[in-house]
Protein chains: 2
Amino acid sequence: MKIGIIGTGIVAQTIGAKLLEFNHDVMFGTRDVAKTLERTDPGPMGTPPLGQWMKKHPTAKLETFKEAAAHGKIVINASSGVASLAALDYAGKENLDGKILIDIANPLDFSEGFPPALTGCNKDSLGEQIQREFPKTKVVKTLNTMNALVMVNPHLVPGNHTIFICGNDTGAKTKVSGFLSDWFGWKKENIIDLGDITNARGTEMLLPIWVRLYGVLQNPMFNFHVVVGKKP
Amino acid sequence: MKIGIIGTGIVAQTIGAKLLEFNHDVMFGTRDVAKTLERTDPGPMGTPPLGQWMKKHPTAKLETFKEAAAHGKIVINASSGVASLAALDYAGKENLDGKILIDIANPLDFSEGFPPALTGCNKDSLGEQIQREFPKTKVVKTLNTMNALVMVNPHLVPGNHTIFICGNDTGAKTKVSGFLSDWFGWKKENIIDLGDITNARGTEMLLPIWVRLYGVLQNPMFNFHVVVGKKP
């Protein structure tokens with residue numbers, strides 16, 4: 001399948017690598033292709049620059065946000081949450097209308113240091129902002145509550161654990177749930193459909209405790225499991 | 001032990017009943033004792049009025065916020081989160097200074113309907129507000145991320161699942177962790193100390209997804225389990 005990925009960081013690379021294993025036609029989108037390829041420094045979390053990564057993944061493509069969005073039968077937003085709306089505006093409504101957009105981003109702002117805060121939450125969310133900005137796009141929020149390696153390799157965390165999905169379009173959510181299972185190996189029973197896109201609030205608001213748990217555990221390879229007992 | 005409970009709702013009653021099983025000397029605090037005892041209507045969630053509840057639990061005491069706080073060797077804030085600061089102000093610094101205050105409240109505001117929003121979050125939390133208002137009190141935030149029945153009966157949710165604790169005073173957290181195990185049956189390995197009281201943000205911000213999960217599952221008897229894999 002032709003898949004456009006908005007973003008070039010660790011989430012984009014990790015998702016992209018997994019999709020390439022299935023021989024999907026993956027195109028990353030960036031603001032300035034030449035500048036992205038020129039970069040030789042690792043990212044803030046030690047992420048290799050995309051140019052270096054692409055040498056190991058020669059079938060991956062890199063173009064502008066606009067071209068990557070146009071390329072994708074589905075589009076994945078794996079950009080930094082604080083930059084997502086700008087990146088998607090560059091990509092353009094004409095390239096996103098009618099498509100499924102899988103939104104993985106979290107609007108975490110590290111500019112005031114640690115711990116990061118969300119740029120918007122509680123009565124709004126990035127998922128909702130994107131859906132409002134692109135009303136003809138089927139925004140499905142998922143994968144945003146865990147480390148990138150866990151997203152695409154849920155078996156790296158033992159036993160059952162939960163992935164949340166939400167969005168306004170039921171058909172789109174059914175398709176994305178299928179991708180989660182078929183591509184990444186998520187068990188159906190561990191996918192919880194929270195409902196419409198306003199539920200992005202709840203999943204994005206998991207990030208503050210996620211960040212703290214990462215610090216306490218000194219290990220990003222964990223996930224939340226919603227364990228359910230008998231009704232009272 | 002003499003324990004003061006600020007609040008008279010379902011959380012206060014559930015915690016109180018469990019503490020009475022251990023023969024603790026439990027005193028509930030309310031604003032107006034006569035009015036609390038006069039009430040005959042159930043609360044918004046079907047909670048029995050405290051007067052009715054006390055007939056079944058005759059050893060429980062009911063006095064003002066001030067007297068309940070003075071009574072407690074430790075004090076538990078089980079009031080509605082939007083009313084907690086006012087209730088604790090009534091209770092008075094002179095009755096809270098130097099004591100452990102276990103803060104279970106979440107600042108969920110239902111006044112604008114469903115879903116409720118938090119009155120403060122992200123860069124602040126109720127736990128921090130209380131600690132700032134009562135700098136000589138050892139505020140320990142815990143128990144606030146689950147249904148009241150699960151708080152005091154963790155076995156009602158099968159297998160392992162997590163309870164978070166945070167606060168600035170290490171000794172106070174150690175004591176409260178002991179209470180969680182000894183009184184309520186929490187396994188030591190399921191208690192995660194997140195660090196200082198600023199971590200109340202992360203635990204209070206779990207409430208929006210908790211409320212949605214309650215709706216999706218149609219069952220309040222669930223909890224989050226932090227499942228940890230191998231370090232990468």
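The values are calculated or read from the model by the stated rules, or taken from the named source; none is laboratory data. What you see is a predicted model, and the numbers here were worked out from it, not measured in a lab. No Cβ is skipped: glycine too gets one built from the backbone with ideal geometry, and neighbour counts run over all protein chains shown.
Some observations on this one:
- Annotation note: Cβ proximity below 8 Å between a residue of region A:86-102 that is in a strand (DSSP E or B) and a residue that is acidic (Asp, Glu) and crowded, with 16+ Cβ neighbours inside 10 Å (sequence gap 6+ or interchain) occurs for A:ILE100/A:ASP169.
- Residues of region A:14-72 classified as of a type in the set (Gly, Ala, Ser), within 21 Å of A:ALA105 (Cβ to Cβ) and in a helix (DSSP H, G or I), total: 5
- Matching strands (runs of 3 or more DSSP E) fully within region B:125-232 where at least 1 residues are at the interface with chain A (Cβ under 8 Å from one of its Cβ atoms): B:163-167, B:191-195, B:222-228
- Residue count for region A:150-174, restricted to those that are among the polar types (S, T, N, Q) and either within 17 Å of A:ILE100 (Cα to Cα) or buried (at least 23 other Cβ atoms within 10 Å of the Cβ) (or both): 3.
- Screening the candidates A:ALA86, A:ALA69 for the property of being at pLDDT 95 or above and over 19 Å from A:VAL176 (Cβ atoms) yields one hit, A:ALA86.
Here's the yes/no breakdown for (1) surrounded by 22 or more Cβ atoms within 10 Å (Cβ to Cβ); (2) not small (Gly, Ala, Ser):
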residue	(1), (2)
A:SER111	no, no
A:SER125	yes, no
A:GLU133	no, yes
A:ALA148	yes, no
